[in-house]
Amino acid sequence: MKYVDEYRDADTARALSTAIAALCEPGRRYSFMEICGGHTHTIYKHGLEDHLPEAISLVHGPGCPVCVIPMGRVDDAIALAEHEDVILTSFGDMLRVPGGRGSFLDAKAAGADIRMVYSPLDSLKIARQNPDKRVVFFAIGFETTTPSTAMTILRAEAEGLGNFSVFCNHVRVCPAITAILESPDLNLDGFIGPGHVSTVIGCAPYEYVPRDYGKPLVTSGFEPLDILDSIHRLLRQFAEGRCEVENEYGRVVPWAGNPRALAVIDKVMEVRETFEWRGLGWIPESAMRLREEYAAFDAERIFAVPGVRVADPSACQCGEVLRGLIKPWECKVFGTACTPETPIGTCMVSSEGACAAYYNFGRFSRARVKEATLR
């Protein structure tokens, strides 16, 4: 790829749309889940649904790391930040995520020292500058961001920064896909696989999806033509009687992943027995924690973390959105009580959240579709 324009060419998009329509079997409907929230934003920013036949339905998955953090973990982090000698650091998209006791911004306004960082390495800088404080980095993300957290811990160990620790909330994509596949109330024909995660883990880990569940998966890039091409590849597999993993994002994603990134994750972290996901509940082996050798940098071992469990607000339907059971505009508070300025759920807060995508790029058109359906 030389330029982004290559992947936003209107003529190529129309040609792919025609090819997609030609592959649709008459009378059949297809339901494909795009796992990654970045794909959801591309779909609605560029109006890709308008290029697809009515037979194809796109379902939004749980691939937004901010959206799947349960409210209790937010409250646990706020409890850490309320220690007088603690500085809590976090990526910016977590600051307004609501917990049971409010958001990080609410806690900051009440006096807690909570700071936004662009990288976990920024947290090390804060730890160096504040040797009398204990700096806790709120680590989130799928396998995409896990290596950077692991590398930061190794750097802290090398520098002897004993006042730095990590509150680890890194999650794994394959167990989430399995939970979706085993959900009795969702019927999918295939997956548009996550691109960012796959730059680290590769495509090989997804091979169990067609083998054990009979669903094809195409790892996709994030430009409009990437997604249209991925849908075309899925339909071509049906037409040719195939069911396998394909790598549409080969210009970035190696089939076997990034061995150095995987090695540093394995060195520093291990798989948790179970972890709670917003909307999906407890999923076995779906998250990471620090190994015993790095306990000195594990905030959950250093501090008495409350382990809060908080039920989602009854008005919020983020769970159903994350499981692909409803579209964001079908939530009863979407665009009214719940907006990016006044979010009730995480899907409206995150830059990768499905509700934010609908609100920013398709709120009114989606509302008209809903009204037409009701009539």
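The values are calculated or read from the model by the stated rules, or taken from the named source; none is laboratory data. What you see is a predicted model, and the numbers here were worked out from it, not measured in a lab. Don't worry about glycine lacking a Cβ; one is built from the backbone with ideal geometry, like all the others, and counts go over all protein chains shown. These area figures cover heavy atoms from the full protein model, side chains too; ligands, DNA and RNA do not enter into them. Shrake-Rupley method; radii C 1.70, N 1.55, O 1.52, S 1.80 Å.
Can you work out ³J(HN,Hα) from phi for every residue in region 106-117, in order, using Karplus 6.51 cos²θ - 1.76 cosθ + 1.60 and θ = phi - 60°, giving whole Hz and x for Gly and Pro?
Those phi angles translate into 5, 5, 5, 5, 7, x, 6, 8, 10, 10, 7, 10 Hz.
What is the spin-label model distance, in nm, from Asp9 to Asp122 if the labels are put 7 Å beyond Cα along the C-beta direction?
3.8 nm
Over the heavy atoms of Arg155, what accessible area does a 1.4 Å probe trace out, to the nearest 10 Å²?
110 Å²
What ³J(HN,Hα) values, in whole Hz, does the Karplus curve 6.51 cos²θ - 1.76 cosθ + 1.60 give for region 150-156 when θ = phi - 60°, with x put for Gly and Pro?
For region 150-156, the Karplus curve yields 4, 5, 5, 5, 5, 5, 4 Hz.
If we count chymotrypsin sites (Phe, Trp or Tyr not before Pro) as exposed when they sit in a DSSP loop and have at most 16 other beta carbons within 10 Å, what is the longest stretch of the chain that avoids them all?
On the way: sites that count: Tyr3, Tyr118, Trp255.
Looking at the chain, 119-254 is the longest stretch - no exposed chymotrypsin sites (Phe, Trp or Tyr not before Pro) with at most 16 other Cβ atoms within 10 Å.
At 0.36 nm per residue, minus the direct Cα-Cα distance, what do Asn360 and Glu273 gain on full extension? Give it in nm, one decimal, please. Before the final figure, lay out each step's value.
Working: separation 87, 0.36 × 87 = 31.32 nm, distance 3.74 nm.
Gain on stretching Asn360 to Glu273: 27.6 nm.
In units of 2.2 N^0.38 Å, what is the alpha-carbon radius of gyration of the chain?
Values: Rg = 21.1 Å, N = 375, 2.2 N^0.38 = 20.9 Å.
Scaled against compact globular proteins, the figure is 1.01.
Provide the descending list of Cα extents for region 318-366 along its principal axes, expressed in whole angstroms.
Projected onto the principal axes, the Cα atoms of region 318-366 cover 23, 22, 20 Å.
How many nm is it between the label spots at Leu154 and Arg309, if each spot is 7 Å from the Cα in line with the beta carbon?
So the two model labels end up 3.7 nm from each other.
For Glu84 and Arg242 in the same chain, what is the full-extension length gain: residue separation times 0.36 nm, less their Cα-Cα distance, in nm?
Working: separation 158, 0.36 × 158 = 56.88 nm, distance 5.93 nm.
My answer for the length gained is 50.9 nm.
What are the equivalent ellipsoid semi-axes of region 232-299, built from the alpha-carbon gyration tensor (square roots of five times its eigenvalues), in whole angstrom, biggest first? Let's see the in-between values first.
Values: eigenvalues 234, 72, 16 Å².
Taking √(5λ) for each eigenvalue gives 34, 19, 9 Å, largest first.
With r defined as the distance between the Cβ atoms of Tyr208 and Val252 and R0 fixed at 22 Å, what FRET efficiency is calculated, to the nearest 0.05? Walk me through the numbers before you get to the answer.
Working: r = 23 Å, r/R0 = 1.03.
After rounding, the FRET efficiency stands at 0.45.
Going 7 Å from the Cα of Ser57 toward and past its Cβ, which residues in region 299-337 have a backbone nitrogen under 11 Å from where you end up?
Answer for region 299-337: 325-327.
Which whole number of Å³ per residue matches the convex hull of the alpha-carbon atoms in region 218-375?
Values: hull volume 29.8 nm³, N = 158.
Expressed per residue, the convex hull around the Cα atoms of region 218-375 is 188 Å³.
Can you give me the long-range amide H partners of Asp113? Hydrogens built in the peptide plane at 1.01 Å from N, cutoff under 5 Å, separation of 5 or more residues or another chain.
It is Leu88, by chain and number.
Could you list which residues have their amide H under 5 Å from that of Phe137, counting only those 5 or more apart in sequence or on another chain, with H placed in the peptide plane?
Distant-sequence amide H within range of Phe137: Thr89, Ser165, Val166, Phe167.
Rounded to two decimals, what ratio of Rg to Rh does region 1-152 give with C-alpha atoms and a Kirkwood Rh? Provide the component values of the computation, followed by the final result.
On the way: Rg = 21.6 Å, Rh = 18.8 Å.
Radius of gyration over Kirkwood radius for region 1-152 works out to 1.15.
In the chain, what percentage of the DSSP-assigned beta bridges are antiparallel, given to the nearest 5? Walk me through the numbers before you get to the answer.
Working: 9 of 40 bridges.
Taking every DSSP beta bridge within the chain, about 20 percent pair in antiparallel fashion.
Can you give the FRET efficiency for Thr336 and Ile302, using 1/(1 + (r/R0)^6), R0 = 56 Å, r = Cβ-Cβ distance, to the nearest 0.05?
Details: r = 42 Å, r/R0 = 0.76.
E(calc), rounded to 0.05, equals 0.85.
Kindly report the accessible area of the chain per residue (heavy atoms of protein chains, probe 1.4 Å, no ligands, DNA or RNA), in Å².
Details: 15920 Å² over 375 residues.
For the chain, the per-residue accessible area is 42 Å².
As an exercise, use a Förster radius of 41 Å and the Cβ-Cβ distance of Arg29 and Arg101 to find the FRET efficiency, rounded to the nearest 0.05. Spell out each step's value before the answer.
Numbers: r = 44 Å, r/R0 = 1.06.
For Arg29 and Arg101, the calculated efficiency is 0.40.
Once phi is turned into θ = phi - 60°, what whole-Hz ³J(HN,Hα) does the Karplus curve with 6.51, -1.76 and 1.60 give for every residue of region 53-64, x standing for Gly and Pro?
Here the 3J(HN,Hα) series is x, 4, 5, 9, 10, 9, 10, 8, x, x, x, 9 Hz.
Carbon and sulfur: what percent of region 93-144's accessible surface (1.4 Å probe)? Let's see the in-between values first.
Numbers: 1240 of 2390 Å².
The C+S portion of the solvent-accessible surface of region 93-144 is 52 percent.
What percentages make up the Cα-Cα pair-distance distribution of region 34-100 when the bins are 10 Å wide from 0?
Each 10 Å bin holds this share of Cα pairs: 17, 35, 22, 17, 7, 2.
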